[in-house]
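For reference, the structure is listed below as structure tokens.
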Amino acid sequence: MFDGFRKETFEMRAMLFCTINDFPAYGNLSGYSVKGHHACPICEENTSYIQLKHGRKTVYTRHRCFLKPHHPYRRLKKAFNGSQEHENALIPLTGGKVFQWVEHLNTVFGKTQKKDKNNTCIWKNRSIFFDLPYWSGLDVRHCIDIMHVEKNVCDSVIGTLLNIQGKTKDGLNTCQDLADMGIRL
Ligand SMILES: [Zn+2]
């Protein structure tokens, strides 16, 4: 780079501080599998999920562990799923720990290539960002762009409240699943 004031050149260095993206992109960038039963990159193998019988979706539960230890929501039963939640959230993995997981993974780039079927690890790829010398030293490497999440949640809430055809999440399957879980009868 050229310093116009001092009239001399200098070496400029740039650093990738973190990425900001939606959740599917997080999967691509981090190498973590964001689909299936262990979709939460914090809880990993301990991700709490229910497979819905009627709606046939995987739903992820027990998020109240991320609240403060004595948050009143943790004690509420009826407003949630009929149970209290007192467990503590796991601490997010450090870059160094993730690198230990993915260090020896055989990374296949590109969409069309077949994924390694023998790979049962929830970490699917070694993120190319680990080529950066400082990447494994970063505590926060990826951020979820709240606008994406807000938009999707908002669409679902509005669609359900206004009972918009094709948008509402309230249907026969939903009611049957809720009845099965004993939440609303
Ligand atoms: Zn989680």
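The values are calculated or read from the model by the stated rules, or taken from the named source; none is laboratory data. Please read these numbers as outputs of a predicted model, since none were measured by experiment. Here Cβ is always computed from backbone atoms with ideal geometry, including for glycine, and neighbour counts include all displayed protein chains.
In the stretch 32-43, how many residues are surrounded by 15 or more Cβ atoms within 10 Å (Cβ to Cβ) and within 8 Å of the ligand (Cβ to nearest atom)? Counting residues in the stretch 32-43 that are surrounded by 15 or more Cβ atoms within 10 Å (Cβ to Cβ) and within 8 Å of the ligand (Cβ to nearest atom) gives 3. Has the stretch 79-97 got at least one residue that is over 20 Å from residue 42 (Cβ atoms) and either assigned to a helix (DSSP H, G or I) or modelled with pLDDT of 90 or more (or both)? Yes, some residue in the stretch 79-97 is over 20 Å from residue 42 (Cβ atoms) and either assigned to a helix (DSSP H, G or I) or modelled with pLDDT of 90 or more (or both).
When the stretch 50-75 is examined, which residues are found to be more than 16 Å from the ligand (Cβ to nearest atom), out of contact with any His (no Cβ under 9 Å at 6 or more places or on another chain) and within 20 Å of residue 35 (Cα to Cα)? Within the stretch 50-75, 52, 53, 54, 55, 56, 57 meet the criteria. Among residues of the stretch 13-31 being assigned to a loop (DSSP other than H, G, I, E, B) and touching a strand residue (DSSP E or B) at 6+ places or on another chain (Cβ under 9 Å), the one that is surrounded by the most Cβ atoms within 10 Å (Cβ to Cβ) is 31. A search for C-beta distances below 9 Å between a residue of the stretch 27-46 that is among the β-branched types (Val, Ile, Thr) and any residue that is in a loop (DSSP other than H, G, I, E, B) and near the ligand (Cβ under 8 Å from one of its atoms), counting only pairs 6+ apart in sequence or on different chains, returns 34/40; 34/41; 42/89; 42/90.
With the requirement that a residue be farther than 22 Å from residue 57 by Cβ and either surrounded by fewer than 12 Cβ atoms within 10 Å (Cβ to Cβ) or of a type in the set (S, T, N, Q) (or both), what does the stretch 138-161 give you? 139, 140, 146, 147, listed by residue number.
Do the conditions hold for residue 10, that is, is it within 30 Å of residue 130 (Cα to Cα) and within 16 Å of the ligand (Cβ to nearest atom)? Judged against the criteria, residue 10 is not a match. Scanning the stretch 45-63 for residues that are of a type in the set (Ser, Thr, Tyr) and outside any loop (DSSP other than H, G, I, E, B) returns 49, 58, 60. Residues that are of a type outside the set (Gly, Ala, Ser), surrounded by fewer than 17 Cβ atoms within 10 Å (Cβ to Cβ) and more than 17 Å from the chain's Cα centre (by Cα) occur in the stretch 54-63; there is at least one.
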